[in-house]
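The values are calculated or read from the model by the stated rules, or taken from the named source; none is laboratory data. None of these values were measured; they are calculated from a predicted model. Cβ placement follows ideal geometry from the backbone for every residue including glycine, while neighbour counts extend to all protein chains displayed. Each accessible area value is taken on the protein alone, full model and side chains, heavy atoms only, with ligands, DNA and RNA left out. Shrake-Rupley method; radii C 1.70, N 1.55, O 1.52, S 1.80 Å.
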Amino acid sequence: MPVSIPESVFDKYYDVVDSTFTIFGVTCQLVYVEKVEEISNTFDNVPSNKSINSHRRRGQGQYKRQNKVVKEVEKTEDIKLKVYWDSKSFVKPGGNIVVPDNSIQTIFFASDMGKVVRAKELIVHKDIKDKKEMRFQRAGEPFPMGLRQSRYFGCFWERVQ
């Protein structure tokens, strides 16, 4: 005989878990490379690089392509996440997942999935950013969590700097 769970049970569950974002969540910043601007100046002081993927090298803010000098611009967007720093606190999504040292796990709403997937990096804990900026990049794809696995997602991040 199948068990029928009233919808009110799921509603109460979602209310409780949603409130944990207010209580335990921290404001983080998603970092996007939002647009590429052409820099028009008369000085040619950007070194040329013959590599096909020269624009993907870390640390270069400018690169040359077809006699045009372009600069990548970072844009940030605030997001409320639950952040787990200790790997013993990680929610196990299944299997034997191995994450790198200095990794974190975040939990976020499914409505923020597009933002998280598009982001190049994550700056954790905006309120202490002036003391210590901690940047992370995604280590794998986000995975569904919670009852019905449709409202919350988790994601692992590895340290960049």
**Asked** Say the cut-off is 20 Å between C-alpha atoms; which of 80/115; 12/126; 82/129; 80/129 go over it?
**Response** 12/126
**Prompt:** Got a sec? What order do 11, 112 fall in by accessible area at 1.4 Å, biggest, i.e. largest, first?
**Reply:** 11, 112
**Asked** How high is the relative contact order of the stretch 106-161, in percent, counting Cα pairs under 8 Å that sit 6 or more residues apart?
**Response** 40 percent
**Request:** Sort 149-159, 128-138, 113-123 for me by packing, meaning the mean count of neighbouring Cβ atoms within 10 Å per residue, highest on top.
**Result:** 149-159, 113-123, 128-138
**Request:** Note down the accessible area of residue 16, probe 1.4 Å, to the nearest 10 Å².
**Result:** 80 Å²
